[in-house]
Amino acid sequence: GKKLGYTFNQRNLHNISLGQGQEVVAEQALDLAAQEGHWVILQNIHLVAKWLSSLEKKLEQHSEGSHGDFRVFVSAEPAPCPESHVIPQGILESSIKITSEPPAGVHANLHKALDNFSQDTLEMCSQEKEFRSILFALCYFHAVLAERRKFGAQGWNRPYPFSSGDLTISVSVLHNYLEASSKVPYEDLRYLVGEIMYGGHITDDWDRRLCRTYLEEFIKPEMLEGELCLAPGFPLPGNMDYNGYHQYIDHALPPESPHLYGLHPNAEIRFLTQRSEQLLRTLLELQPRDGSAREGGAGTREETVQALLEEMLEKLTDEFNMAELVAKVEERTPYAVVALQECKHMNVLTAEIRRSLAELELGLKGELTMTSDMENLQNSLFLDTVPESWVKRSYPSTATLGSWFADLLARINELEAWTRDFSLPSTLWLGGFFNPQSILTAIMQTTARKNKWPLDKMTLQCDVTKKSREDFASAPREGAYVHGLFMEGARWDAQAGIITDARLKELTPAMPVVFIKAIPADQQDTRGMYLCPLYKTRLRGPTYVWTFNLKTKENPSKWVLAGVALLLQI
């Protein structure tokens, strides 16, 4: 207070946390503080949105004639979206605003994690060496988990609210266990931290596996023998004091890179590319939406949309005649059922496309009144995004409208070729299905019927061939050949037949044709295998399809930390 020119002591401070009927107390404190020159701290004002207009009037009332030392500090959580901004403009304009940004990078996050403790913390356990080593490993674990989210779905399938409270309670558990046991219970600690303290936030099974793998790599007996590296070039420090650990971070931690998280450098390229695309998309959406001609003679907005609309209607094929297709099927095999289901889904989508485009065409000609749905469709066509009504009837996709429509036509061609005689194609385009799980289940159903095996005790075996789609002339006698898969986070070495490190700037290399067949679950060998999740799109999460076992000479934990997955679309 003295440095700022104020006389201040603890008795002159009113610290009030709002949200539990404290508004009256706050108003009384403001009146007293304005008269006596006290300071008032109002916490969590976002929780009392209805009272903020009264607060604005109260502050305006005390802006003149109050004591010279009177100050008001308010705090609020950031709003999740623009619609949730509740702080009145008058308060914002009359205040000095300070924002607290979360730390960026492993370096800042590791320092912040360590800041939750002190020298006294390091000295409170009788097993000092073990306690300090595991505490530092937990701090690094926390920093990596918190910052990994910046890599999007390759970092975490879903975002999680990890907090310093998770770290501090994990250290408390560590202290209690070490005090109660002469041996370090590594497995118990990994379970409590990974499945309860941090795992309590995690809702996705693959994210849970990632969290568990980090702990298996960081908390193990080797950490006390000086043989553990938390990241390439960053060994776990020995027994140091509190300031020594902070200095060790500054001097020993390598520069920020995906390697610190176990990720490939391509993950950073993807992350930066997505940020750039988001920025450019936002700039595009900010363009004026009037109908005047743009520079370069590109025509008006309506003319651009009209030309695109006519082109799409011309290329869109007729719907599948379901009655004819059903009559053509001689035997309703699992494969034939899948084909009919896909045709039905496609008809629903193409009917909506044709209806909405025809309606918009009439609106642009002035023969129909433009509705909000028609305006939204027009905006989507102009901004090259897939319209909302199409998305609801479509398959998951991250493509722009032009790429999405070309992909749609390719899917229709595949279905037309398949439904000519309903014989299984030589290779299946797995990414071309509305429901890829259905064809994979059909493979198991067909094998189960043929061999009279129970379906619930079967699984799929995945063998990666060395061939491309053009090398296959017919379907296999059992199972199916599948093409159109891509790998993210690593690549497939076709010659060695194993997963290997990705090449720089090759973000999603294509996979060779994969042979998928059904086998009894008890015959599946998972040794030397990486359980690789298959997703429909790069968004991962809810687009999960199946799990394929892929051969690896490396420890599978390497590919878990690298976020390696197979994708059907890129």
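The values are calculated or read from the model by the stated rules, or taken from the named source; none is laboratory data. Keep in mind that this is a model prediction, so the values were computed, not measured. Reconstructed Cβ throughout: ideal geometry from the backbone, glycine too, with neighbour counts over all protein chains shown. All accessible areas refer to the heavy atoms of the entire protein, side chains included, with ligands and DNA or RNA removed. Shrake-Rupley method; radii C 1.70, N 1.55, O 1.52, S 1.80 Å.
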Tilt relative to the chain, helix 128-147 - C-alpha long axis, 0 to 90 degrees, to 10: 60
Simple label model, 7 Å out from Cα along Cβ direction - Glu101 to Tyr186, nm: 4.0
Beta bridges by DSSP in the chain, antiparallel share as percent, to the nearest 5: 65
Förster-model FRET efficiency, 45 Å R0, Thr500 and Val337, C-beta, rounded to 0.05: 0.70
Whole-percent carbon and sulfur share, accessible surface of the stretch 99-233, 1.4 Å: 49
Computed FRET value (nearest 0.05) for Lys150 with Lys553, which takes r as the C-beta separation and R₀ as 25 Å: 0.25
Tensor-based shape of the stretch 106-263 (alpha-carbon gyration tensor, a/c under 1.5 rounded, otherwise prolate or oblate): oblate
Shape call, the chain: gyration tensor on alpha carbons, a/c limit 1.5: oblate
Phi-based couplings in Hz for the stretch 448-459 (Karplus 6.51, -1.76, 1.60; Gly and Pro marked x): 5, 5, 5, 9, 6, 9, x, 5, 6, 10, 10, 8
Within the chain: Cβ-based charge dipole about Cα centre, in debye rounded to nearest 20 (Lys, Arg +1; Asp, Glu -1): 1280
Residue-normalised accessible area of the chain, given per residue in Å² at a 1.4 Å probe: 53
With Cα atoms, 0 to 90° folded angle of helix 52-61 axis to the chain main axis: 30
Relative packing of peptides 99-110, 458-469 - highest average C-beta neighbours within 10 Å first: 458-469, 99-110
Distance (nanometres) between label positions extended 7 Å along Cα→Cβ at Leu13 and Gln274: 4.1
Added length on full extension, which subtracts the Cα-Cα distance from 0.36 nm per residue, Leu92 to Gln523: 148.5 nm
Gain upon complete extension [Glu123, Cys229; 0.36 nm per residue less C-alpha separation]: 35.8 nm
Protection-proxy order for peptides 516-522, 138-144, each taking the mean of Cβ atoms within 10 Å per residue, highest first: 138-144, 516-522
0 to 90° range, to nearest 10: angle between helix 334-365 axis and the chain longest Cα axis: 70
Dipole-positive endmost among Trp39, Val329, Met346 within the chain (Cβ charges, Cα centre): Val329
Estimated inter-spin distance, Lys328 and Met370, nm [label 7 Å along Cα→Cβ]: 4.2
Lysine pairs meeting the criterion (Cα under 22 Å, 8 or more apart or interchain), as found in the stretch 267-403: 5
